[in-house]
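The values are calculated or read from the model by the stated rules, or taken from the named source; none is laboratory data. Owing to the predicted nature of the structure, the values given are computational and were not obtained by experimental measurement. Ideal geometry is used to build each Cβ from the backbone, glycine not excepted, and the neighbour counts take in all protein chains shown. In case anyone asks, the SASA skips ligands and DNA or RNA and just uses the protein heavy atoms, side chains included. Shrake-Rupley method; radii C 1.70, N 1.55, O 1.52, S 1.80 Å.
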Amino acid sequence: MQPVPAPAAEEGGGAVGAGTAGAVGIVLVSHSRALAEAARDLATGLMASVSAPIGIAAGLEDGGLGTDAAVVVAAIERLAAQPGNQGVLVIADLGSGIMSAEAALERLGPDTASRARLSPAPFVEGLIGAYGAAGIGLDLEAVAAEAAKAAPAKAAQIS
């Protein structure tokens, strides 16, 4: 018997009840559900003392690899509708994941669209920065800026 695939979009976060009210939410868009879940688990595990809502829009309904803009829209809208939500940062893995995220942002209503951003940050490193920033209550622009610092910070470590 094969396992039933999980739904394509879900929420998760770090410590239950810790710091999620009024936080910026983060949506992970990935071709692979396993990759998105592993990235979420890494972020929440490394920073267990903070919490921010994370939505996953990854993989296809049949469990295969791919992205779906409608699933991304649903994940963004779910986080944006949470009481006190301060915005939603979308972090995509690559290629068509970015295109699905862009298409999703174009489909949002004006209120939600004004509170959502697509980050150019690398998937894992950007999530780590964004999760920490959202978890301490920074606003959407500051969370997006923290995520965007990830690539130059990594490059500086290598140089």
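Things worth noting here:
- When a 1.4 Å probe is rolled over the protein heavy atoms, the share of accessible surface on the chain that falls to carbon and sulfur comes to 61 percent.
- Summarising the strand pairing of the chain, around 20 percent of its internal DSSP beta bridges are antiparallel.
- Isotropically averaged projected area of segment 64-103, using the convex hull of Cα atoms (one quarter of hull area), nm²: 3.0 nm²
- Mean separation of Cα contacts under 8 Å, 6 or more apart, over the residue count of segment 82-134: relative contact order %: 47 percent
- The phi-based Karplus calculation (6.51 cos²θ - 1.76 cosθ + 1.60; θ = phi - 60°) puts the 3J(HN,Hα) values of segment 114-127 at 6, 10, 10, 9, 9, 8, x, 5, x, 4, 6, 5, x, 4 Hz, whole numbers, x for Gly and Pro.
- Considering only His31, Val50, Ala70, and ranking their Cα positions along the charge dipole of the chain that arises from unit charges at the beta-carbon of Lys, Arg, Asp and Glu, the one farthest toward the positive end is Val50.
- Listed residues Pro120, Pro53, Pro110, most fluctuating in the chain (Gaussian network, C-alpha, under 10 Å): Pro110
- For the chain, averaging the sequence separation of C-alpha pairs within contact (under 8 Å, six or more residues apart) and dividing by the residue count gives a relative contact order of 26 percent.
- In the chain, the calculated helix contribution to ellipticity at 222 nm averages -14000 deg cm²/dmol per residue, counting -39,500 (n - 2.57) for every DSSP H run with n ≥ 4.
- Residues in the chain average 47 Å² of solvent-accessible surface per residue, probe 1.4 Å, ligands and nucleic acids excluded.
- Distance histogram for segment 41-134 (every C-alpha pair counted, 10 angstrom bins, percent rounded to whole numbers): 16, 48, 33, 3
- Annotation: average projected area of segment 107-153 is 3.5 square nanometres, based on the convex hull of Cα atoms across all directions.
- Average 1/r across all pairs of distinct alpha carbons in the chain, invert it, and you get the Kirkwood radius: 15.2 Å.
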